1. Small (Gly, Ala, Ser) and surrounded by fewer than 23 Cβ atoms within 10 Å (Cβ to Cβ), is that true of Ser52?
2. For the stretch 90-109, what are the residues that are in contact with a His (Cβ under 8 Å, 6 or more places away or on another chain) and among the basic types (Lys, Arg)?
3. Any idea which residue in the stretch 26-49 is most open to solvent (accessible area, probe 1.4 Å), counting only those that are touching a Leu at 6+ places or on another chain (Cβ under 7 Å) and of a type outside the set (Gly, Ala, Ser)?
4. What are the pairs, 6+ residues apart or on separate chains, where a residue within the stretch 205-226 that is within 26 Å of Lys40 (Cα to Cα) has its Cβ under 9 Å from a residue that is part of a loop (DSSP other than H, G, I, E, B) and open to solvent by 100 Å² or more (accessible area, probe 1.4 Å)?
5. Go through the stretch 208-224 and give me each residue that's among the aromatic types (Phe, Trp, Tyr) and part of a loop (DSSP other than H, G, I, E, B).
Amino acid sequence: MNKYSINYANKIQSLIKKIIKEESNKISIAANIIKDSYLKGGQLYVFGTGHSHMMAEESFHRAGGFAAACPILDTNIDFSKGAEKATKLERTPNIAKKVLEKYKIRQKDVMIIFSNSGVNHVPVEAAMIAKQKKIKTISILSYKYAKVAPLSKLNKRLFQITDMFIDNKIPIGDSLSKINNITVGPASTIIGSFILNTILVELAGKVKNIKPFPFYISSNMPNANSNNNILIKKYKKLNKHL
């Protein structure tokens, strides 16, 4: 590794340490919100556009993952139909409405919304729709970035709408290492995944005595099928992606 990659690795580690130090209480609160929803038969929905779309997929049907997590997926807001189109659409009115209409999200459910800048139209619109339906919302964003990024026509920042937010501590612009006057090495995917999975591990500790324990085992491990099939059967009617 050269000095640039070492610098990047060190900055990622520093961000994680800062999150552990400053956001632990919020992570615990988020886990409690999801636990309360789960005990009422609720489901966790995870939403993001652009690269934040990966956080929805990260939450879903994976080894060690929470079985009651449902990703909100749409090829118009990932990069399946091209980056230019996705970038334009995440700033377009009524896209969130059309995407969310494909899911039967209920008042007892919870929605986590990822948006590093915290200002793009679609995630903000999604939060506003959830609030109107009295669905609990949690946003994961860069507070520093969201305070200065230009607002959409909705004239709102994501952290102003959701019931709570967790600050990912990422600097303005996302990337961390400066080379040739350009900052490279984005952080939001690594840090977003860390925050998401830390919330879910915290949740696992809070529901450890509940049966069936709502977490998947890797399909390559012993007893995986018997464990996972019970969970899939339980959530198949709720989760359109199972």
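The values are calculated or read from the model by the stated rules, or taken from the named source; none is laboratory data. None of the values given here were measured: they were computed from a predicted structure. Cβ: placed from backbone, ideal geometry, glycine included. Neighbour counts: every protein chain shown. Surface areas here come from the heavy atoms of the whole protein model, side chains and all, with no ligands, DNA or RNA. Shrake-Rupley method; radii C 1.70, N 1.55, O 1.52, S 1.80 Å.
1. no
2. Selection gives Arg91 alone.
3. Checking each candidate, the answer is Lys35.
4. Pairs that qualify, where the first residue is within 26 Å of Lys40 (Cα to Cα) and the partner is part of a loop (DSSP other than H, G, I, E, B) and open to solvent by 100 Å² or more (accessible area, probe 1.4 Å), are Tyr216/Arg62; Ile217/Asn223.
5. Within the stretch 208-224, Phe213, Tyr216 qualify.
Residue-wise test of (1) touching a residue at least 60 places away in the same chain (Cβ under 8 Å); (2) in a strand (DSSP E or B).
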{"residue": "Ser52", "(1), (2)": "yes, no"}
{"residue": "Ala63", "(1), (2)": "yes, no"}
{"residue": "Leu73", "(1), (2)": "yes, no"}
{"residue": "Thr92", "(1), (2)": "no, no"}
{"residue": "Ala96", "(1), (2)": "no, no"}
{"residue": "Ser117", "(1), (2)": "no, no"}
{"residue": "Thr137", "(1), (2)": "no, yes"}
{"residue": "Ser152", "(1), (2)": "yes, no"}
